[in-house]
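Read through the structure below, which is laid out as structure tokens, and then see the notes.
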Amino acid sequence: MAEGCIRSSEIEFNRFLEIAMESLFEVETQLIICAELGFLSKNDPTELNNLINTEAKMVNALMNKIKNS
């Protein structure tokens, strides 16, 4: 996202935000895999999932603000 801030248009910056959202979902998928393989304790996936959801909401809000401006 920081790299996207220096782009010359809102369309380009929005693309970087989309990439950030995609990355969040990739991390979520990896988290699920790690949990299923037993690499995480019982509470870790829930806590980390909450952080991912919080970040996704913030990125989504920024995308909507740009879209509606």
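On C-alpha positions alone, give me the angle between the axis of helix 44-67 and the longest principal axis of the chain, in degrees, nearest 10. Between the helix axis and the principal axis of the chain, the angle is about 10 degrees. Rounded to the nearest 10 degrees, the inclination of helix 10-36 to the longest alpha-carbon principal axis of the chain is 0 degrees. Using the Cβ-Cβ distance between Met63 and Cys34 with R0 set to 25 Å, the FRET efficiency from 1/(1 + (r/R0)^6) comes to roughly 0.35. Estimated from helical segments only, the mean residue ellipticity of the chain at 222 nm is -27000 deg cm²/dmol, where each DSSP H run of four or more residues counts as -39500 (n - 2.57). With only Cα atoms counted, the chain has Rg and Dmax values of 14.7, 45 Å. For a modelled paramagnetic label at Glu55, 7 Å from Cα along Cα-to-Cβ, the residues of the stretch 18-42 in reach, with backbone nitrogen under 12 Å, are 20-31.
Every number here is computed from the coordinates shown, using simple stated rules; none is lab data. The model shown is predicted, which means the values in this text are computed figures rather than measured ones. In this analysis, Cβ positions are derived from the backbone assuming ideal geometry, glycine residues included, and neighbour counts consider all displayed protein chains.
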